[in-house]
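Structure record follows, encoded as structure tokens.
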Amino acid sequence: MSKEILQGIIADFSPNKFVLFFRAKNRSFSPRQEELGHYNDQDFKAGIKLGEIKFTSTEQLIVCAFEAKKSLSERSGKKAQYDKGKKILREVRADAGIFIFYDKNGDFRLSLIYANYLGKRRDWSLFRRFTYFVSKEYANKTFLMT
């Protein structure tokens, strides 16, 4: 079922379709639509929190989406998107987030960003490590295996 949902998202992109996907993947996913307009800037707009998964009373993963003001490509904007995600995680005090950055063509990048705790210090996952660029123009085999 998850693969079919992802294929539908690729064919006709809408960030809200990810709510169905995350509900199918994890019963603990709670839709919590919340505007994130205060994070809009020169690169991103239409910020929205789609939901969250609470693992414990202090650990949670959030799912957010932003429209990129420029067209996305495999190489464009990864670092800026990573920085946006880290900023949000710091400010909402979440341990991890799945961030969906999309453009007007329906191309999108799905990125997992999470904290690594080293004693009292918090470090972040590598920005190139867990990110997938998805386009109708590509086969998207790796992405569809998630």
**Request:** Kindly state which strands (runs of 3 or more DSSP E) lie completely within region 41-146 and contain at least 2 residues that are at pLDDT below 90 and over 23 Å from PHE22 (Cα atoms).
**Result:** 108-118, 121-124
**Item:** Selection count, region 114-136, where residues are among the small types (Gly, Ala, Ser) and free of Cβ contacts under 8 Å to residues at least 24 places away in the same chain
**Value:** 2
**Asked** Which one of the conditions (1) of a type outside the set (A, V, I, L, M, F, W, C); (2) free of Cβ contacts under 8 Å to residues at least 40 places away in the same chain; (3) more than 24 Å from ARG122 (Cα to Cα); (4) out of contact with any Phe, Trp or Tyr (no Cβ under 7 Å at 6 or more places or on another chain) does GLY47 fail to meet, given that it meets all the rest?
**Response** (4)
**Item:** Only one of LEU36, LEU61 that is more than 16 Å from SER125 (Cβ to Cβ), surrounded by 12 or more Cβ atoms within 10 Å (Cβ to Cβ) and touching a strand residue (DSSP E or B) at 6+ places or on another chain (Cβ under 8 Å)
**Value:** LEU36
**Request:** Would you mind stating whether PHE18 is modelled with pLDDT of 90 or more, under 27 Å from GLU137 (Cα atoms) and in a loop (DSSP other than H, G, I, E, B)?
**Result:** no
**Asked** Limited to region 49-77, what total is found for residues that are more than 21 Å from GLY37 (Cβ to Cβ) and not polar (S, T, N, Q)?
**Response** 7
**Message:** Quick check on region 84-113: of everything there that is in contact (Cβ under 8 Å) with a residue 12 or more places away in the chain and surrounded by fewer than 17 Cβ atoms within 10 Å (Cβ to Cβ), which residue is nearest to the chain's Cα centre (by Cα)?
**Reply:** LEU112
**Item:** Yes/no for LYS3 being assigned to a strand (DSSP E or B) and surrounded by fewer than 16 Cβ atoms within 10 Å (Cβ to Cβ)
**Value:** no
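The values are calculated or read from the model by the stated rules, or taken from the named source; none is laboratory data. From a predicted model like this one, the values you see are computed outputs, not experimental measurements. All Cβ positions, even for glycine, are placed from backbone atoms using ideal geometry, and neighbour counts span all protein chains on display.
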